[in-house]
Each structure stands twice: as structure tokens, then as C-alpha cells.
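Laboratory data are not the source of any read-out in this text; all were calculated from the coordinates shown. Because the structure is a prediction, the values reported are computed rather than measured. Counting neighbours? That spans all protein chains shown, and the Cβs are built from the backbone with ideal geometry, glycine included.
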Amino acid sequence: MKRKTAITAIALGLLALVLATAGPAQAKVKGVCSDCHTMHNSQNGVPMAMNTDGTPDPTPNESLLIYSECLGCHKGDADSGATPPWPKVYADTAPTVDQNGTFGDWTITAGGNFYWVENTADNCGHNIIATNQDDVLQSSGPPGYNNLYTPTSGPARFNGTWEASKQLTCAGVNGCHGTTDTANQFGAIAGGHHGNVSGSCDGSDLAHSYRFLYGIKGLEDADWEYTKGPNDHNQYYGVDRTDTTTQPASDKQTISYLCCECHGNFHVADNNSGGNSESPWIRHPTDFDMARATGTEYAEYNNANDPSAAPYSVIAPVASDDADTVANPYSTVNVGTANGTAIVMCLSCHRAHGSPFADILRWDYSTMDAAGSPTGDQNEGCFICHTTKDDS
């Protein structure tokens, strides 16, 4: 099989295009059509389609695209001078990340980077066929796979079954982006780019879905968190579930539910048959408002002096239940009173694409040292939420 690597379908065919500024208005793809499409794959007898290494490809691609894979546009180191840059999710050179998950350069977006899954270890990222063509996932499927977790429309991921020969793709029924009614990545993402809505996404259709994750709500950051801070980040959609035992969860539009379409069993957090979110936890809770655990260490989230206005952390982010309607991301969250702004989600701990750390974690779990700090709260990694665990 010819290696035409691909990483993500969040912006198929966006070679050197400029997107409109984020906001509630339409932000459709702009640019020269021939940067993405070739009508007949021939100009003066020379193929116009290309492999990702820039060599001509005599085989025409679906949707008249120049590249047959997402990576044609989304591989490479980010250009901080672009206005704005389009997301590059597989760097040519190793991105700079410290053990606490802080990015030191422009090569990283919110989802992380696939660089490490090919160059470090399989558990450093999602094993997409584009980066690991020789890597077949375990026959039991993704860890925690549960075909009860179907999307808002369409069949379950992998059509509800997993075969040993299957591999993860960027989009479609075997991927994360686009619809699940086809295995064809172009078909699954069709119309997304030209109808793309930037800003608040209500999940009503593909173009209105957060990052082309079909049916998922959220507020998109204009530059995918190339620049980031308490006032500059994605706002993820979550709900405060009072029942953490029932499968599947009732709200199918949270970012955690998207993860659970492949890892559904991880969405069951406690061992209480009554479903009242009581201890003992058997898995880390998701879609759970930390403020419901009143009088606990979570009230000091991210070194908060005032629990009602705790500074938002881009290293250990939290979701909100109004992310599909707010115009701007939260700079502070309330961990004193449960008002739906401090909701733990899968992405509070993990990156979506890849990271230099095992299990695609946002920080190096192996360096988290309980009661290991001589100066008290280090406000790093796990301890951004579990604020008393590293006090000596």
C-alpha cells in the first residue's frame, strides 16, 4: 500500500488557506480553489495530485482533492507568522514540551501532536493508520470499547464490532471526525470545510459540530490554542451527571461522550448500584462538576484563592454546560458552587491526538509525587485539581 500518510480530518484540504476570525458568524474556507482541488489531475500532461512528500501522484483522488490524505495539509511544523495558521498535527521535528505539559513552541495545538506515536511509542498517541500503517490494534478493540455508545446520528464507531485487521482513521465510522455512516473519510467529512462555523457550535450538523466531531458541542478557539491562556482557549462542553453508573450517558453531545464512542466503559465512574456518584470510585469521573464535592481540595483548583473565581488552567482544563452558547471562553471557573463551569472531562487529563507521555496524558504521570514537594502545592499535573496531595 502506497504510504500517503494522514493525521486528522479537522481541516481536510486546507493547504495555505486563511480562515476567517472566530466568532458566531460563518467562517467558511477561503483561498484559491486550486490549492486544494484539481479538476482532472492533469496540467500539460503532468499529474496535479501529489503524495505527501510532494511527488506527483497519477491516481486521481476523491472529491477532486490534490492530496488523498489529510496529512497533505496538516503535517509539518506550524508557521507562527500565518494569519491565522491552520492546524498542523504531525510535526517534522520534536515539539518542545516539559514534564508538566507546558508547550514551549508553536508546533502544538490543543489536540497535541502525532509526532510521538510514530517516533516514541504507540501509547503516546492514537494509532491512526496514517502514522502506523504496520500497527494493528488489539482484536478486542479500543480499551473500554462499548458499542452502546452511538453518536447522535449514525451507527456506532466500527459499526459496533471490531476486527483484528481494523485500524483507526481520521474520519468516518472507523475514526473520530465526521459522520459514522461511511468508512470513506472524504465522504464522512464532506461539506464540513466549506460550511464551517467558527466559534460556538451547537452540533446540529457537521459544519456546526465542534472541530467536525459530529454532534459535539463547544466553543472553538480561533487558532486551535496555538496561543493560549486563561482568556484564550477552547471551551469544551460537558454536563454534570448525577448518575455515573448508567450506560450510555443520556447527553450525547459532550466532548467526553465523543471519547466514549470508542472508550465507553471508562464513562462509568463509581461502584454504586444506585447511581448516586458515591465512593468508592472505580474509574476517574468524567462529566462531573468538581464543585459538587464541596469542602474538598478541588475548591483550590489551579491555586485558587477564591473558589468562586478559580483561574482556568490550560494544562488541566475543565468543561462547562454552556460551551455551545457562550461567546467567549471562561477565564475563571466556580469550584465553590456547582454552576456547571468546573466539569471534569476526558480532556482534563488527556490530549486527543498525541503527547510525549504515556496514555496521551497532558503531563508526565511518572513524575507526579504525592507529598513530595518541600514547598507545598506545586500546582502541576494531577495536583492542579488534587491540590493537597503533593503537600509535604
Cα-based shape type of segment 186-317, given that a ≥ b ≥ c are square roots of the gyration tensor eigenvalues and the cut on a/c is 1.5: oblate
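Arranged by the count of other C-beta atoms within 10 angstrom, fewest first, what order do Cys73, Cys385 take?
Details: Cys73 26, Cys385 21.
Fewest-to-most ranking of Cys73, Cys385: Cys385, Cys73.
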Length-normalised contact order for segment 177-233 - Cα pairs under 8 Å, 6+ apart - percent: 26 percent
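Is segment 242-392 best put as rounded, prolate or oblate by its Cα gyration tensor, with a ≥ b ≥ c the root eigenvalues, rounded for a/c under 1.5, and otherwise prolate when a/b is larger than b/c, oblate when not? Before the final figure, lay out each step's value.
Numbers: a/c = 1.36, a/b = 1.25, b/c = 1.09.
Rounded shape, in that the Cα axes give a/c under 1.5.
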Likely footprinting exposure, Ile255, Ile384, fewest C-beta neighbours within 10 Å first: Ile384, Ile255
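May I ask you to order 354-364, 90-100, 184-194 by the average number of other C-beta atoms within 10 Å around their residues, highest value first?
Details: 354-364: 22.3, 90-100: 16.5, 184-194: 19.8.
So the peptides 354-364, 90-100, 184-194, ranked by packing, come out 354-364, 184-194, 90-100.
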Over 27 Å (Cα to Cα) - which of Lys30/Lys252; Lys252/Lys389; Lys30/Lys228; Lys88/Lys166; Lys75/Lys166 fall in this group: Lys30/Lys252; Lys252/Lys389
Global geometry of segment 317-392, whether rounded, prolate or oblate, following the gyration tensor of its Cα atoms and the 1.5 cut on a/c: oblate
Cβ-based exposure ranking for Val318, Val46, Val335, in which fewest neighbours within 10 Å come first: Val46, Val318, Val335
Amide H contacts of Val97 (H built 1.01 Å from N, under 5 Å, at least 5 apart or other chain): Gly104
